[in-house]
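> Before we start, here is the structure in question, set down as structure tokens.
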Amino acid sequence: VCSLSSGKFGTLLSGSWDTTAKVWLNDRCMMTLQGHTAAIWAVKILPEQGLMLTGSADKTIKLWKAGRCERTYTGHEDCVRGLAILSEMEFLSCANDASVRRWQISGECLQVYYGHTNYIYSISVFPHCKDFVTTGEDRSLRIWKQGECAQTIRLPAQSVWCCCVLDNGDIVVGASDGIIRVFTASLERTASAEEIQVFENELSQASIDPKTGDLGDINANDLPGREHLKDPGTRDGQTRLIKDNGKVEAYQWSVSEGRWIKIGDVVGSSGATQQTSGKVLFEGKEYDYVFTIDVNESGPSYKLPYNITDDPWLTAYNFLQKNDLNPMFLDQVAKFIIDNTKGQTLLSTSAQYSDPFTGAGRYVPGSSSGSSTIPAADPFTGAGRYVPGSASNAVAPVGGVDPYTGMGAYQSAAAKVENIYFPKKDAVTFDQANPTQILGQFLTFN
């Protein structure tokens, strides 16, 4: 059994690894709900009699009425791990894609919330409002108010498995260290100074893996010292890294207390880069880099995700469009990407390597346009593409040629070009590769 939910009149709903949910009454199984194709991680009984929700590892949520599936909700990109009821017409879901979604019973996804940097395991709603809390694999409890992450509380445990909001507004969380903790906004129920100090000491001694946290690309040599903590933070939950006695420490800003709280030591961070420390999770997807862009000092910061297989200019264009920024910054943002990734690509640009999709070498930012002596075919025109700086008096092909492509115009009856790369039925060897990153991905997908 993966999940349980109780309803009116003693009804109990359970979800299981066997891909079914069962309705119980007085210790007897009254009904079996079948339709999911993977384990059912989350179940909820809605206020309206006979309506039930199930969330599954098959990435879907199903609405059941009288034992029949009435509707399937799709949108999450990974396993659905938690459900919470807002009203008779709305509910929330959280998933391994690091997102929270607000749904209407009719099927429409009303809003998507991002804040966690790893799997979200549990979600619970405050009484008499639409604010809620979430916990996850990034060691944090996050409190959401009016659709925004208002507070982030780190815990000295790798996984924060579950959370529950009590009727008095207190929050109970259970973590992988075997300890249940209760957090409150009431001064009357706040723990003693000694207990709070013990909690902070445990937190400060925790180890943070850059691959699972939201600390970004770390180079210990570039980090400031302890004097960096003299300046106050700009928002609750803001994280700062400092280098102290050769160690990298992470601190989080607390608005309520007006101070920086140590949340752990960063392990494996000396000179590490994203190529050695793994991918960064951003809005439910993995990227090689996630940059923070400050357009102006007084304005907000923007996140710019980027993979080394992406085109810098297309990424820059999409970034400007998404954040409604001036398109005049296109070249500046693209140059920022190239400078900060040092033009990294998956393969060498020498003539012996080819792009499996186009059959020719792809463009590499910062590479010399004249480095290859073998003309590469344009996958769209079938002829050599224009190379900046090439001789303008090159000999043109004989015959009727297209002045723009350098050869005959497109013909609909052209012979089909066989792709020698797919399907691949034998082993593939690489002359150049990053074994650390490859092995890391094997472990991730295993």
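The values are calculated or read from the model by the stated rules, or taken from the named source; none is laboratory data. Values in this document were obtained by computation on a predicted structure and should not be read as measured data. For neighbour counting, all protein chains shown are included, and Cβ atoms are generated from backbone atoms with ideal geometry for every residue, glycine included. Accessible surface areas use protein heavy atoms only, side chains included; no ligands, DNA or RNA. Shrake-Rupley method; radii C 1.70, N 1.55, O 1.52, S 1.80 Å.
> So the check is Cβ under 7 Å with 6+ separation or different chains; which pairs have a first residue in the range 68-80 that's within 24 Å of Met31 (Cα to Cα) and a second one that's in a loop (DSSP other than H, G, I, E, B)?
So the pair list comes out as Cys69/Gly35; Arg71/Gly107; Tyr73/Gly107; Val80/Lys59.
> Same structure, new question: For Leu63, work out the one condition from (1) free of Cβ contacts under 8 Å to residues at least 40 places away in the same chain; (2) of a type outside the set (Gly, Ala, Ser); (3) farther than 22 Å from Cys164 by Cα it doesn't fulfil.
The single condition Leu63 does not satisfy is (1).
> Now for a separate question. Scan the range 40-49 and give yes if some residue there is at pLDDT below 95, touching a His at 6+ places or on another chain (Cβ under 9 Å) and among the acidic types (Asp, Glu), otherwise no.
No: zero hits.
> Which one of Ser159, Ser122 is among the hydroxyl-bearing types (Ser, Thr, Tyr), in contact with an Asp or Glu (Cβ under 9 Å, 6 or more places away or on another chain), within 30 Å of Asn201 (Cβ to Cβ) and open to solvent by less than 20 Å² (accessible area, probe 1.4 Å)?
Ser159
> Working only within the range 44-75, note down all residues that are of a type in the set (A, V, I, L, M), closer than 15 Å to Val23 by Cα and out of contact with any Asp or Glu (no Cβ under 9 Å at 6 or more places or on another chain).
Hits for the range 44-75 are Ile45, Met52, Leu53, Ala66.
> Now for a different question. Cβ-Cβ under 7 Å, sequence separation 6+ or interchain: first residue in the range 43-55 and in the same structural domain as Tyr121 (by the TED database), partner open to solvent by less than 30 Å² (accessible area, probe 1.4 Å) and among the hydroxyl-bearing types (Ser, Thr, Tyr). Which pairs?
Short answer, once both residue conditions are applied: Val43/Ser3; Val43/Ser5; Val43/Ser14; Val43/Thr54; Lys44/Ser5; Ile45/Ser5; Ile45/Thr11; Gly55/Ser93.
> Can you tell me how many residues within the range 84-134 are free of Cβ contacts under 8 Å to residues at least 12 places away in the same chain and within 24 Å of the chain's Cα centre (by Cα)?
Residues meeting the conditions: 1.
> When you scan the range 125-146, how many residues do you find that are closer than 20 Å to Lys59 by Cβ and open to solvent by 10 Å² or more (accessible area, probe 1.4 Å)?
So the answer is 1.
> Another question about this same structure. Could you please let me know if Leu223 is within 23 Å of the chain's Cα centre (by Cα) and modelled with pLDDT under 90?
Answer is no for this residue.
> Considering only residues that are in a loop (DSSP other than H, G, I, E, B), under 27 Å from the mean Cα position of the chain (by Cα), crowded, with 17+ Cβ neighbours inside 10 Å and at negative phi, which ones fall in the range 39-83?
Selection gives Ala39, Ala57, Asp58, His76, Cys79.
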